[in-house]
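Everything on this sheet refers to the single structure shown next.
The values are calculated or read from the model by the stated rules, or taken from the named source; none is laboratory data. No experiment lies behind these values; they were computed from the predicted model shown. Don't worry about glycine lacking a Cβ; one is built from the backbone with ideal geometry, like all the others, and counts go over all protein chains shown. Heavy atoms of the whole protein, side chains included, go into the accessibility calculation; ligands, DNA and RNA do not. Shrake-Rupley method; radii C 1.70, N 1.55, O 1.52, S 1.80 Å.
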Amino acid sequence: MSAGGTGATEYEPLGPRHVAIIMDGNGRWAANRGLSPSAGHKAGVERIRDLIEACKARQIEVLTLFAFSSENWQRPPAEVELLMTLFHSYLRREARKMREQGVRLRVIGRRDRFSLRLQRAIAEAEALTRDGTSGTLVIAADYGGQWDIAQAARSLAEEVARGERSADSIDDVALGERVQLADLPPVDLVIRSSGEQRISNFILWQAAYSEFYFTETLWPDFDTNELDLALDAYQRRDRRFGARNPGGLEAQA
């Protein structure tokens, strides 16, 4: 998120324009403290506010957070209900603050499985913040990377069926224009907290050439220092996008 006139410490740009985070470890954080899972989820939500400010100060334009996956519906009903309640409360509480900060909110993923109350809250929060120019916060909710690619392919297939395009015109560029986040800068860095080292069906298409950073830190403890460690690691990476190594050997990635 681009630095804004908030009076916060200004930093030189650290590189990535778009950072995506798989927020993992709320349950373990709570269990380690003898607390209920709900306490972990509540602590995880509170972490988001500080992270938005940190990204603005570091001139990161887009922050995408994986909040609720398509597979998370399989969790116990009470936990799902809690997550939906927290999501609704977050939108109601934070949307006005984001507008004041100049941050635009976008929610990606399916919406038809959410309650009408939550769907309205999402639409109202997006409308309230749509003119923000200091950065973009993307929340991926009921989102799955496979679903994302499938819905993009379906959209193109429907155009072929209507005679609006030929099958020969479908390529990686056409598909890339239909997936979520297509109008935003490419995802430069994907961070996952809690020590797990997998992508868990998150932005499968968009992360094709992203750098990955995994940390043992549980999400409610992921603070500004942890973000800086990830950004420092990113800065040390040699991003070639399939080009040759400086030494002349053909790089595969």
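A search for C-beta distances below 6 Å between a residue of the stretch 176-204 that is more than 22 Å from residue 239 (Cα to Cα) and any residue that is open to solvent by less than 10 Å² (accessible area, probe 1.4 Å) and aliphatic (A, V, I, L, M), counting only pairs 6+ apart in sequence or on different chains, returns 178/152; 179/152; 180/108. For the stretch 158-169, the set of residues classified as at negative phi, in a loop (DSSP other than H, G, I, E, B) and open to solvent by less than 70 Å² (accessible area, probe 1.4 Å) consists of 165, 166, listed by residue number.
Among the candidates 149, 191, 203, the residue that is assigned to a loop (DSSP other than H, G, I, E, B) and either surrounded by 14 or more Cβ atoms within 10 Å (Cβ to Cβ) or at pLDDT 95 or above (or both) is uniquely 203. The helices (runs of 4 or more DSSP H) found entirely in the stretch 16-107 that carry 2 or more residues being in contact with a His (Cβ under 9 Å, 6 or more places away or on another chain) and either open to solvent by less than 30 Å² (accessible area, probe 1.4 Å) or closer than 26 Å to residue 135 by Cβ (or both) are 26-32, 77-101. In the stretch 150-164, the residues that are of a type in the set (Ser, Thr, Tyr) reach residues that are modelled with pLDDT of 95 or more with C-beta atoms within less than 7 angstrom, at least six apart or across chains, in these pairs: 155/178. Only residues that are aromatic (Phe, Trp, Tyr) and open to solvent by 50 Å² or more (accessible area, probe 1.4 Å): list them for the stretch 206-221, please. 209, 212, 214, listed by residue number.
Checked against the criterion of being in contact with a Lys or Arg (Cβ under 6 Å, 6 or more places away or on another chain), at pLDDT 95 or above and not in a loop (DSSP other than H, G, I, E, B), the stretch 224-243 has no qualifying residue.
Listed by first and then second residue, the pairs linking a residue in the stretch 110-124 that is outside any helix (DSSP H, G or I) to a residue that is β-branched (Val, Ile, Thr) and open to solvent by less than 100 Å² (accessible area, probe 1.4 Å), with Cβ atoms under 8 Å apart and 6 or more places separating them unless they lie on different chains, are 111/122; 114/122. Number of residues in the stretch 16-36 that are among the aliphatic types (A, V, I, L, M) and touching a helix residue (DSSP H, G or I) at 6+ places or on another chain (Cβ under 6 Å): the value is 2.
Please work out if residue 183 is part of a loop (DSSP other than H, G, I, E, B), under 15 Å from the mean Cα position of the chain (by Cα), of a type in the set (D, E, K, R) and modelled with pLDDT of 95 or more. Taking the combined requirement at face value, the residue satisfies it.
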